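Quick note: the coordinates plus some simple rules give every number you see, no bench work behind them. Predicted model only: the values in this text are computed from it and were never measured. A quick note on method: Cβ atoms are made from the backbone with ideal geometry, for glycine too, and the neighbour counts reach across all protein chains shown.
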Ligand SMILES: C[S@@+](CC[C@H](N)C(=O)[O-])C[C@H]1O[C@@H](n2cnc3c(N)ncnc32)[C@H](O)[C@@H]1O
């Protein structure tokens, strides 16, 4: 069966609307990203070289560039459309950002010249099949500077299937509720988001019984993903925060 909305990340309108709406439409979006920033401040990291996987419109990268004035960033994404939105947003930071257009499964690491001290990702890695998630986590470990941190904020299954299903329905409820608070200037991006979101519902609720293909939302339990990080060699692995469907997991590459 043809995948529903397979090319959704390669549409300019989608990239522009995602940028405008994600902080409102993804429950806990800023809360979870800010948790990463807080951990980095607490860790007292000297000079941050960030690598953000599936960096989209560059919202997390901009937060890091602002909070840590000496930091530099690698932006990685396979979508030209998302990258063009990010380039406009991050223009003012000039050469503090290096852009790499690549699929996670390709050889993006060959373009890394300075080892990252922090690797992040949000709402991107869950599009990979289990084996490819593991391979990507391994690559992150290999590329990371010793003493560096890896964080993945992502849609994940939780400890029971019932609770996971409730989290999916909660997102549907949350998205509908935003209709009543969205400002007039965002009403058209809101409608566009809801149109795409109806496909998300088809994929994840109506057709939940169908086998998942690469590019779908392939939700996996956060506990299994933490085990995978531990097996690879990450230390201090933890679920640092959780809000409904979104988990912030990560670990450190010890010296
Ligand atoms: C839902 S958006 C999230 C963007 C951003 N991280 C955020 O949270 O605002 C997912 C992003 O991951 C990128 N992406 C998805 N699968 C990818 C893959 N296999 N390789 C590289 N980028 C991918 C998409 O192009 C898109 O920009």
For every helix of n ≥ 4 consecutive DSSP H residues, a contribution of -39,500 (n - 2.57) applies; sum these over the chain, divide by its total residues, and give [θ] at 222 nm rounded to the nearest 500 deg cm²/dmol. -13000 deg cm²/dmol
Taking the square root of 5 times each eigenvalue of the Cα gyration tensor, what semi-axes in Å does the equivalent ellipsoid of segment 199-255 have, largest first? 29, 13, 8
Just to verify a number: FRET efficiency for residue 95 and residue 2, C-beta to C-beta distance, R0 = 45 Å, to 0.05? 0.60
How big, in percent, is the set of alpha carbon pairs in the chain lying more than 34 Å apart? 13 percent
Test of understanding: ordering 160, 120 by Cβ neighbours within 10 Å, fewest first, what list do you get? 160, 120
Given all pairs of different Cα atoms, what value in angstroms does the Kirkwood hydrodynamic radius of segment 155-255 take? 15.7 Å
Segment 18-146 - Debye-derived log10 I(q)/I(0), Cα point model, q = 0.14 Å⁻¹: -0.60
Inter-label distance, nm, simple model (7 Å from Cα along the C-beta direction), residue 161/residue 43: 3.6 nm
Would you order 185, 38 from fewest to most other beta-carbon atoms within 10 Å of each residue's own beta-carbon? 185, 38
If you split all Cα-Cα distances of segment 169-224 into 10 Å bins from zero, what percentages do you get per bin, shortest first? 19, 43, 27, 11, 0
Considering all alpha-carbon pairs of segment 61-106, what whole percent are spaced by more than 16 angstrom? 36 percent
If 183, 188 are placed from fewest to most neighbouring beta carbons inside 10 Å, the sequence is 183, 188
I need two numbers for segment 96-242: Rg to one decimal and Dmax as a whole number, Cα atoms only, in Å. 17.7, 49
